[in-house]
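J.: Here it is, the structure, as structure tokens.
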Amino acid sequence: MLASKKRERFHYGWIIAVTTFLTMLAAAGIRATPGVLIVPLEQSFGWSAATISLAISINLVLFGLSGPFAAALMQRVGIKRVMIVALILAGCAAALTTLMRAPWQLYLLWGVLVGLASGSLTNVLAAVITNRWFVKNRGLVLGLLTASNATGQLVFLPMLASLTVHPGWQVAVLVSAGATLVVALLVVIFMKERPQDIGLRPYGASSDESVQESKENPIFVAMRGLVRGARSADFWLLAGSFFICGATTNGLIGTHLIPASMDHGIPEVTAASMLAVIGVFDLIGTTASGWLSDRIDNRWLLCWYYGLRGISLLFLPYALGSNYLSLGLFIIFYGLDWVATVPPTTRLTADIFGKEQVGIIFGWIFAAHQLGAASAALGAGILRTWLGNYQIAFQTAGLLGLVAAGMVIRIGRKRQVEERETEIEGVGMATALD
């Protein structure tokens, strides 16, 4: 009797959530590593910031484009297998970068292989896990999982920056790769495909909500999801705003805040610690955003998030050039907003396109996010090479944030108009019959 009550109180879905959190944390750590390598690689090989930023840009593009195909592959061969293969591939490819001697090797290893592997272990994975294992508190769990990106920075960046300074960037890369391989072992031990496999319902479900494995070709399934999404105006609003989200987070701040800080005389370890502190506040902000997404209109949440982010980025060039107090205010303000956009965006995707398709459709929306990130990573690197600073890049990103705030408020507008017209037609017909 007691054992039965204990099982009712504790659901295995929470172990799945923790395992997924650690997986995404490791993926975030290995993804964040290039941010501390720009200056060391410049010094070691004489490569320009634009050359190194191109590798990061390739990484970000493939990081996003692999998402919908990974979601379809999860339906075909299972979540666990995809996670294990991706973790091993990312760890091995990162470790091999210690042997590189030419830029094309950086593009292949860190750009292509790490990009493809880590793209299977990010927000698309969080969307699939939460919709498969949770009904109650789905938004909260999604917020916690997506916050792992910030936690990855918190855990890895200061340590990686210290290792980069001494004994060297090669050791920093090997530590990041090793952590990824350790997490792969945890996935082997603890990961399960679905609640029904162990005699459970999704957490908070009143009836069985089974998810069937697809036997179709994953590439066909992913492309069919893109075609379905492309027919909807809401898809383009979500994808367009998420493009800007990626440009203003991973692409710009995640990649270039450390070298931008160093341009203003801030030591690399201190700059990495600042980025990690952004991660602390993002952990708070994203978790709170997940909680709020269960309770407040998600369009208005996104409008506030993008608007506040745009204002903070317009302020950043002045904060870097003034004092630590101003920079501290930016870190707190921006950090609370970093990945807060993910829970409401995912929730809107599920509401519009259905839970069964959320992994694939959101995968394409997240691909737009990473295209934005790649554009900003490369563009900011080129601007720094040409102009010697990041001021234009930061201010452009701030203006884009304000544009995104206007875009998201229009999500669902067409459906609302159609529903209102249908309601009016129904009232008119009823009146005519009377």
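J.: Please find, within region 327-350, the residue that is modelled with the lowest pLDDT out of those that are hydroxyl-bearing (Ser, Thr, Tyr) and under 29 Å from VAL135 (Cβ atoms).
T.: Looking only at region 327-350, we keep the residues that are hydroxyl-bearing (Ser, Thr, Tyr), and these are 334, 341, 345-346, 349.
Filter once more, keeping what is under 29 Å from VAL135 (Cβ atoms): 341, 345-346, 349.
On the way: THR341: 88, THR345: 91, THR346: 85, THR349: 89.
Out of the qualifying residues, it is THR346.
J.: Still on this model: Being in contact (Cβ under 8 Å) with a residue 60 or more places away in the chain and over 19 Å from the mean Cα position of the chain (by Cα) narrows it down to one residue among GLY64, GLY78, GLY46; which is it?
T.: Values: GLY64 fails: over 19 Å from the mean Cα position of the chain (by Cα); GLY46 fails: in contact (Cβ under 8 Å) with a residue 60 or more places away in the chain.
After applying the criteria, what remains is GLY78.
J.: Of everything in region 351-364, what is crowded, with 22+ Cβ neighbours inside 10 Å and under 15 Å from ARG132 (Cα atoms)? Give them in sequence order. Lay out the reasoning, then the answer.
T.: As a first pass, look at region 351-364 and keep what is crowded, with 22+ Cβ neighbours inside 10 Å: 358-364.
If the condition is that a residue be crowded, with 22+ Cβ neighbours inside 10 Å and under 15 Å from ARG132 (Cα atoms), then VAL358, GLY359, ILE360, PHE362 are the ones that fit.
J.: Of all residues in region 204-236, which are assigned to a helix (DSSP H, G or I), open to solvent by 70 Å² or more (accessible area, probe 1.4 Å) and at pLDDT 75 or above? I'd like the intermediate steps shown before the answer.
T.: Restricting attention to region 204-236, the residues satisfying the condition of being assigned to a helix (DSSP H, G or I) are 218-230, 233-236.
Keeping just the survivors that are open to solvent by 70 Å² or more (accessible area, probe 1.4 Å) gives 219-220, 223-224, 227-228, 236.
Answer for region 204-236, where residues must be assigned to a helix (DSSP H, G or I), open to solvent by 70 Å² or more (accessible area, probe 1.4 Å) and at pLDDT 75 or above: PHE220, MET223, ARG224, VAL227, ARG228, TRP236.
J.: Quick check on region 258-272: of everything there that is at pLDDT 80 or above and open to solvent by 10 Å² or more (accessible area, probe 1.4 Å), which residue is farthest from THR164 (Cα to Cα)?
T.: Only one residue fits best here, namely HIS264.
J.: In the list PHE333, PHE315, which residue meets the criterion of being hydrophobic (A, V, I, L, M, F, W, C), in a helix (DSSP H, G or I), touching a Ser or Thr at 6+ places or on another chain (Cβ under 6 Å) and closer than 21 Å to VAL403 by Cβ? Show your work before the answer.
T.: Working: PHE315 fails: touching a Ser or Thr at 6+ places or on another chain (Cβ under 6 Å).
Going through PHE333, PHE315 in turn, just one is hydrophobic (A, V, I, L, M, F, W, C), in a helix (DSSP H, G or I), touching a Ser or Thr at 6+ places or on another chain (Cβ under 6 Å) and closer than 21 Å to VAL403 by Cβ: PHE333.
J.: State the number of residues belonging to region 266-289 that are farther than 13 Å from LEU145 by Cα and in contact with a Leu (Cβ under 9 Å, 6 or more places away or on another chain). It would help to see each step written out before you state the result.
T.: Of region 266-289, the ones farther than 13 Å from LEU145 by Cα are 266-281.
Now drop any that are not in contact with a Leu (Cβ under 9 Å, 6 or more places away or on another chain), which leaves 266, 271-281.
Selection size over region 266-289: 12.
J.: Among ALA32, ALA90, which is modelled with pLDDT under 85, among the hydrophobic types (A, V, I, L, M, F, W, C) and on the phi < 0 side of the Ramachandran plot?
T.: Unique residue meeting the criteria: ALA32.
J.: Hey, could you check region 318-330 for residues that are of a type outside the set (Ser, Thr, Tyr) and in a loop (DSSP other than H, G, I, E, B) and say which is surrounded by the most Cβ atoms within 10 Å (Cβ to Cβ)? Write out each step before concluding.
T.: Filtering region 318-330 down to residues of a type outside the set (Ser, Thr, Tyr) leaves 319-321, 323, 325, 327-330.
Within this subset, residues satisfying the condition of being in a loop (DSSP other than H, G, I, E, B) are 321, 323.
Numbers: GLY321: 13, ASN323: 9.
Among those that are of a type outside the set (Ser, Thr, Tyr) and in a loop (DSSP other than H, G, I, E, B), it is GLY321.
J.: List every residue pair whose Cβ atoms lie under 9 Å apart, where the two residues are 6 or more positions apart in sequence or sit on different chains, the first residue falls within region 267-284 and is of a type in the set (Phe, Trp, Tyr), and the second residue, located anywhere, is surrounded by fewer than 20 Cβ atoms within 10 Å (Cβ to Cβ) and in a helix (DSSP H, G or I).
T.: Hits for this filter: PHE281/ILE332; PHE281/PHE333.
The values are calculated or read from the model by the stated rules, or taken from the named source; none is laboratory data. As the structure is a computational prediction, the values presented were derived from the model and not from experiment. In this analysis, Cβ positions are derived from the backbone assuming ideal geometry, glycine residues included, and neighbour counts consider all displayed protein chains. Areas reflect the complete protein model, heavy atoms only, side chains present, ligands, DNA and RNA absent. Shrake-Rupley method; radii C 1.70, N 1.55, O 1.52, S 1.80 Å.
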